[in-house]
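Report on the following structure.
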Amino acid sequence: MKLIIKMAILAFSLTVLLGPTSVLICAQSNEPDTAPLQLVRKPKAAYTDSARKHNLQGTVKLMVTFLSTGEIGEIVDVTKKHRKKLAKLGLTQNAMLAARQIQFIPAKKNGVAVTVNRTVEYTFTIY
């Protein structure tokens with residue numbers, strides 16, 4: 001349990017220092033030949049002019065299927081707060097386009113790459 005907490009703190013620290021571009025997305029398992037999904041590159045989602053004009057800020061939450069082949073599969077919007085506004089002003093679409101470009105190393109179980117679903121968030125803020 002202490003190892004999981006230390007890993008979570010490390011992942012958070014790396015996200016703060018380096019941005020969310022290369023952080024482990026799930027906890028390490030103690031099983032041999034088992035590895036978590038690793039994000040190699042998470043592109044930023046573009047802010048739309050219409051969202052900026054309307055001073056819209058928020059987070060788009062996506063359920064992403066990371067295929068065992070190293071490709072992105074299905075992407076589903078699971079946003080709850082301001083879902084309609086985010087979609088109407090193009091932020092959900094831009095988040096999905098960015099998520100489609102994520103590069104990753106598939107999770108492995110018993111040495112075999114496996115398909116996993118994970119939530120990926122894109123936060124849009126006006127500076």
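The values are calculated or read from the model by the stated rules, or taken from the named source; none is laboratory data. Please read all numbers here as calculations on a predicted model, not as lab measurements. Note that we place each Cβ from the backbone using ideal geometry, even for glycine, and neighbour counts take in every protein chain shown.
Just a few scattered comments:
- Pairs with Cβ under 6 Å, 6+ apart, first in the range 99-127 and among the acidic types (Asp, Glu), second at pLDDT 95 or above: GLU121/THR59; GLU121/LYS61
- Positions within the range 81-99 being loosely packed, with under 15 Cβ neighbours inside 10 Å and closer than 18 Å to ASN117 by Cα, in sequence order: LEU97
- Test: THR59 is closer than 16 Å to LEU37 by Cβ and polar (S, T, N, Q): no
- Filtered residues of the range 68-96 (kept if in a strand (DSSP E or B) and either in contact with a helix residue (DSSP H, G or I) (Cβ under 7 Å, 6 or more places away or on another chain) or among the β-branched types (Val, Ile, Thr) (or both)): ILE72, ILE75, VAL76, ASP77
- Taken over the range 103-127, residues that are surrounded by 15 or more Cβ atoms within 10 Å (Cβ to Cβ), closer than 22 Å to LEU89 by Cα and among the aromatic types (Phe, Trp, Tyr) amount to 2.
- Of the residues contained in the range 97-109, one or more are found to be part of a strand (DSSP E or B) and polar (S, T, N, Q).
- Restricted to the range 16-74, and to residues there that are within 21 Å of PRO106 (Cα to Cα) and small (Gly, Ala, Ser), the residue that is modelled with the lowest pLDDT is SER22.
- Test: VAL78 is over 12 Å from the mean Cα position of the chain (by Cα), among the β-branched types (Val, Ile, Thr) and closer than 18 Å to ASP33 by Cβ: no
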